[in-house]
Amino acid sequence: MKHPRMLFSLLFFSALSALSAAAPPQNVTQLWADFDPRKDPLEVEVVREWKEGGGVYRYVRYRIGTFKGKPAYMAAFYGFPEGAKTRLPAVLHMHGGGQRAFLEEVKTYVERGYAAISVNWGGREMEGAHPGDPNTDWGTVDPTQKNVAGYVNLLPGEKFLMDHESPKNCNWYLLTLGCRRGITFLEQQPEVDAGRIGIYGHSMGGNLTMYVAGTDSRVKVAAPSVGGQGWRTESHEMIGGKAQQENVHGDTALFARTLGFENYAPLIHCPVLHLSGTNDFHGWMDGVYRTNALIKNEPLRYAFSPHLNHQFIPAVAVTRPLWFDHFLKAAPALPETPKSEWQLKTAHGVPVMRVNPDKNSLPIARVDIYYSFDPDPRARFWRDAQAGKVGDSWEAKLPLFDANLPLYAFANVYHSLPTPESLPHMPAIKEVCLSSLIHSASPKELQAAGILPTEHASILIDDFKRGWHDWYRFSETNTEHWENWTRKVTDPQWRGPDGASLQITLTTSQANTLIVVATENEWRNYRGTRNTFVCRKPLPANPKPHTITLSAADFKDSAGKALSNWSQLDLLGFCAQFTLKDDVNKSESDKWKGQIPEFQRLEWGAPYTAGSAGSK
């Protein structure tokens, strides 16, 4: 029989061990300390194999692990060039939210000489699946978008891993674990060089790229896009209120320490290229720069598509395969990040920005310097400062409209490629675009520098002499589905005056209905309710420039309510077709006929009066 004191000690240490087991990991290192991605067998199952266009492709499934006593499996597409004579570099692709494994992504890299895998972490039916084909099966847990609350959750529950509060209950932990097992799959393939593995993903896949790169030393190069930006639990000061990306179920500070990207970036020890649109809703531009600044002693590049949200122009999209080619295939390097500086205090009271691109690499095609006053990166209108070449630099003045607003600026440098590149669904790509670092100054800093507002309100929004430079466009050559959008109307210099009319001068080859769309409070729920208003304007056939005049009241939301004024307008669009959900004014009009109209001028006019809404 044990002595009472010994029995007490055993009970004490047993209780202490239980408490210790229940104590959640407190940082990233602790969170991943007990996971070995190579430990368990993969149990790879080849569902189907075929050959196509010089590549060998497989629909596969591998074992992720065992959670709460039940195994979990990941489906994926895997491919490699047929007849490869040497071990190949490899890439792992992680799809975005609501998507699935992309066979096209695998084919794109196989055609470039890589082995490639695209994992189906979200569990949607695989492309081309046959009845009864096995798919991703998470077993007793669910980190997919059928369990959306799990992306910001630390608390226990039926579909979560732990029976106590822990970062291991968060979807991101399990998804990262599953993707890291995908790297194990790659390194075990006989055609793969395990020392040359890159990773990438878009949106939620961009998040996973940062998580995997920060936890797995097997990653040699990474290229996240529109995701992986830190400080998502912090509130951000905007004009009109505060904005925040995530509200955590559980201990917010613990979530930030263990799952905040700002705590993964310092652990990344590989080159990183970040692709995005300047107005991305998911990976805020400012946050991307702030997060990646924590990656030390590794090559970094940025490529931002002006005015776009969650997608890229071709010159930005091509940076990713070129980035991989350099670090995994020893191809020529991308140009260096453009060096940039600005001078706030000047003799004329107007800030000046200078850019020095990499002149020792690819030829420089052009340099664009952009600036804005809007603290909300999702809604900013980026003004083009129209840089000019001065010696070996490009520079531009950044005139202010209001010294009580902050100032932001960055540059895009376009380099000519030696030979055109090709990517799916894009024309031949002849240029590659790289972005400078971002610069920012508070109103206090601007005022201390003695900067004087020199800009004035303008009734002219656009004369189209530079084409659609201040706009972003979809299906621009499709005569039935073209769309042209601008955020210029959110800039205080071009915001519509009270009572003003909107005047559009254009030419039309045939009679059609032009759809003009106006959106209030795009992403600005801290300022007011987001609402979209549509005006359907019949146009005559008139090959000569003619003007249509619209009032705010001509724009109606889905319930038939009219736009009251232009004061909270963030987005303006011209469309061949556009339909609001549950629109009481919806009409099944004919498709756009004939040529796309040519727009000549867009401006604010005198107050709308009865009878002025026709063409003139």
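The values are calculated or read from the model by the stated rules, or taken from the named source; none is laboratory data. The shown structure was predicted, so the numbers you read here are calculated from the model rather than taken from an experiment. With ideal geometry, Cβ positions are generated from the backbone for all residues, glycine too; neighbour counts draw on all protein chains shown.
Working carefully through the options Gly123, Gly201, Gly132, find the one that is surrounded by fewer than 21 Cβ atoms within 10 Å (Cβ to Cβ), in contact (Cβ under 8 Å) with a residue 12 or more places away in the chain and either among the acidic types (Asp, Glu) or not in a helix (DSSP H, G or I) (or both). Steps first, please.
Numbers: Gly201 fails: surrounded by fewer than 21 Cβ atoms within 10 Å (Cβ to Cβ); Gly132 fails: in contact (Cβ under 8 Å) with a residue 12 or more places away in the chain.
The conditions single out Gly123.
For the residues Glu395, Glu445, the requirement of being more than 24 Å from Arg487 (Cβ to Cβ), touching a residue at least 12 places away in the same chain (Cβ under 8 Å) and touching a Lys or Arg at 6+ places or on another chain (Cβ under 6 Å) singles out Glu395. Checked against (1) closer than 25 Å to Pro71 by Cα; (2) crowded, with 18+ Cβ neighbours inside 10 Å; (3) out of contact with any strand residue (DSSP E or B) (no Cβ under 7 Å at 6 or more places or on another chain); (4) not β-branched (Val, Ile, Thr), Gly214 passes all but a single condition, namely (1). Counting only residues that are among the aliphatic types (A, V, I, L, M), out of contact with any helix residue (DSSP H, G or I) (no Cβ under 8 Å at 6 or more places or on another chain), in contact (Cβ under 8 Å) with a residue 40 or more places away in the chain and within 28 Å of Leu569 (Cβ to Cβ), segment 354-392 holds 1 of them.
Output the qualifying pairs, or none if there are none: Cβ atoms under 8 angstrom, residues six or more apart or on different chains, first residue in segment 327-340 and within 16 Å of Pro89 (Cβ to Cβ) and touching a residue at least 12 places away in the same chain (Cβ under 8 Å), second residue in a loop (DSSP other than H, G, I, E, B) and of a type in the set (Phe, Trp, Tyr). Final answer for the pair search is Leu328/Tyr114.
If you check Arg112, Arg61 for being among the charged types (D, E, K, R) and under 16 Å from Thr184 (Cα atoms), only one passes: Arg61. Within segment 84-107, the set of residues being more than 29 Å from Lys146 (Cβ to Cβ) and either assigned to a strand (DSSP E or B) or at pLDDT 95 or above (or both) comprises Arg87, Leu88, Pro89, Ala90. Taking the numbered list (1) surrounded by 18 or more Cβ atoms within 10 Å (Cβ to Cβ); (2) among the polar types (S, T, N, Q); (3) under 18 Å from Arg181 (Cα atoms) in turn, Thr66 passes all entries but (1). Scanning segment 291-327 for residues that are under 15 Å from the mean Cα position of the chain (by Cα) and in a helix (DSSP H, G or I) returns Thr291, Asn292, Pro314, Val316, Ala317, Thr319, Arg320. Against the criterion of being exposed (fewer than 13 other Cβ atoms within 10 Å of the Cβ), in contact with a Phe, Trp or Tyr (Cβ under 8 Å, 6 or more places away or on another chain) and at pLDDT 95 or above, Val46 qualifies.
Per the listing Ala15, Ala33, Ala22, the residue uniquely at pLDDT below 95 and within 29 Å of Ala256 (Cβ to Cβ) is Ala22.
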